[in-house]
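Note sheet for the following structure.
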Amino acid sequence: MASWGEPSFRASQLLRWVYGSEAASFDEMTDLPEALRGKLSAALHFESLAPVTRVTSADGKTTRTLFRLGDGKAIEAVLMEYDPLGLGRERRTVCVSTQAGCAFGCAFCATGQQGFERSLTPGEITDQVLHYARVAMKEAARHTSEGEGAWKRPPITNVVFMGMGEPLANYTATLQAIENLNGGFGLGARHMTVSTVGLVPQIKRLAREGLQVGLAISLHAPNDDLRQRLVPAAKKYPLDALLEACRDYIARTGRRVTFEYVMLAGVNDSRREAAELARLLRGLPPGAGHVNLIPANAVPKGLFQPSSKESIKAFQDELIRRHIPNTLRVERGALIDAGCGQLRGGGRGTGVGGRAPSPDP
Ligand code: SF4
């Protein structure tokens, strides 16, 4: 705004429209002079991605949207709504992609099977959240105008960087998106979680940013041998180095680290592996490591089968017996092929239990 000779308050007005309203174009920013709106429309794209199709789970609580980027590439983002404590304090979490495709090729992951196309820009990452926020704000405005009273729920409460791609391999853009969402959109850093396959130098760098974002490690195996088969990046960063980086992250940020562990039948889901996992995590400060057990989703062309309920229960019992904090993730997204390891920007058909994709309004 300054470079266009506009007063500085115009920048604040613009930011309010972009991050805090359902406006989807510069034309809708009614308190900006018409000439300025025209100039903005001519100079900038309002959105960096276009929603193409949307699939909603049968219970209406999970929505997967396929977006087309400016260069024609496709990515997906997922909105999950839930009330974890059943107290009417609804969480609305957006899982965002940071890359189109992924170069890391984890054996059980649909995105990894797709290969790498390119990293997303900070705007493309941020816009996935703003898209869902605008939809929610529009819905709230409709409720109010239909006389149903003001609809008070926050548009988005949490963001997880766990969609397509490796966030820390697109470090600068991911960090800028965190800053946009924190400073512009007003989402606390503690409400954001970055997931990584375990890139040790980037974890150490993130620990030094002075941010309070959560860290999730895609662990999936309790020893180097098995982990290197499931997660090729582990060849470069063995578990000793990874755990040391996690201890550093915990010490510097005061945040606990979550260890994601996808349950694959006959591969990593025995009691022996649970005991090994417990031993591995024993070196972390008490309460600073949390295991998130993820029932595997059936990935097309995948070589793996999901663990049985009994195996998952036995694995979890072993962790509990060994005092390792853990939760079993409720796989909301799996109902529409939007669970962990299933995003791939391909615009597949209906997911199991989901509705047919509909054009996004
Ligand atoms: S699990 Fe994550 S890092 Fe691994 S291939 Fe899939 S998107 Fe990439």
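Quick note: the coordinates plus some simple rules give every number you see, no bench work behind them. Keep in mind that this is a model prediction, so the values were computed, not measured. Here the Cβ positions follow ideal geometry from the backbone for every residue, glycine too, while neighbour counts run over all protein chains shown.
Electrostatic tally near Glu310: other residues with Cβ closer than 12 Å to its Cβ, Lys and Arg +1, Asp and Glu -1, net +1.
Of the DSSP H helices in the chain, not one has a Cα length along its own long axis of 27 Å or more together with a mean Kyte-Doolittle hydropathy reaching 1.6.
Work through the residues other than Asn268 whose Cβ is under 14 Å from its Cβ and net out their charges, Lys, Arg +1 and Asp, Glu -1. Before the final figure, lay out the partial values.
Working: positive: Arg227, Arg229, Arg271, Arg272; negative: Asp224, Asp225, Glu260, Asp269, Glu273, Glu276, Glu318.
So the surrounding residues net to -3.
Extension gain for Ser8 to Ser308 (0.36 nm times residue separation, less C-alpha to C-alpha distance): 102.1 nm.
Here the spin labels are modelled as points 7 Å beyond Cα on the Cα-Cβ line, and at Arg279 and Asp225 they lie 1.2 nm apart.
The simple Förster model, with R0 at 30 Å and r as the Cβ-Cβ distance, assigns Glu179 and Ala24 a FRET efficiency of 0.85. For region 147-218, the set of GluC sites (Glu not before Pro) satisfying both a DSSP loop assignment and a count of at most 13 other C-beta atoms within 10 Å is given as Glu148.
The relative contact order of the chain comes to 17 percent, based on Cα pairs under 8 Å that sit 6 or more residues apart.
When the inverse distances between all different Cα atoms of region 1-46 are averaged and flipped, the Kirkwood radius reads 10.7 angstrom.
Model label points for Thr172 and Thr327, set 7 angstrom from Cα along the Cα-to-Cβ axis, are 3.5 nm apart.
Among Met29, Met164, Met263, which comes first, second and so on when ranked by fewest other beta-carbon atoms within 10 Å? Can you show the working numbers first?
Working: Met29 19, Met164 28, Met263 22.
Result, fewest neighbours first: Met29, Met263, Met164.
In this model, which of Lys61/Lys309; Lys73/Lys236; Lys61/Lys313; Lys39/Lys138 are farther than 31 Å apart at the alpha-carbon? Show your work: numbers first, answer last.
Values: Lys61/Lys309 23 Å; Lys73/Lys236 29 Å; Lys61/Lys313 26 Å; Lys39/Lys138 26 Å.
In this structure, no pair lies more than 31 Å apart at Cα.
Modelled spin labels at Glu209 and Asp31, positioned 7 Å past Cα toward Cβ, are 3.1 nm from each other.
When you count the other C-beta atoms within 10 angstrom of each residue and take the mean per peptide, 180-188, 220-228 line up highest first as 220-228, 180-188. Count Lys and Arg as plus one, Asp and Glu as minus one, and take only other residues whose Cβ is under 15 Å from that of Ala189; the net charge is then +3. Of Ile312, Ile217, the sequence from fewest to most neighbouring Cβ atoms within 10 angstrom is Ile312, Ile217.
Let me know the shape class of region 1-127, please: from the alpha-carbon gyration tensor, a ≥ b ≥ c as square roots of the eigenvalues, rounded when a/c is under 1.5, otherwise prolate if a/b is greater than b/c, or oblate. Oblate shape, in that a/c is at least 1.5 and b/c is the bigger or equal ratio. Work from the charge dipole of the chain (Cβ charges, +1 for Lys and Arg, -1 for Asp and Glu, about the Cα centre) and give the residue of Gln13, Met164, Ala42 farthest towards its positive end. Towards the positive end, the residue furthest out is Met164.
Along each principal axis, taking the top coordinate minus the bottom one, the Cα set of region 209-308 gives 41, 27, 26 Å in descending order.
Obtain the radius of gyration and the Kirkwood radius of the chain from its C-alpha atoms and give Rg over Rh.
On the way: Rg = 21.1 Å, Rh = 21.5 Å.
Rg/Rh for the chain comes to 0.98.
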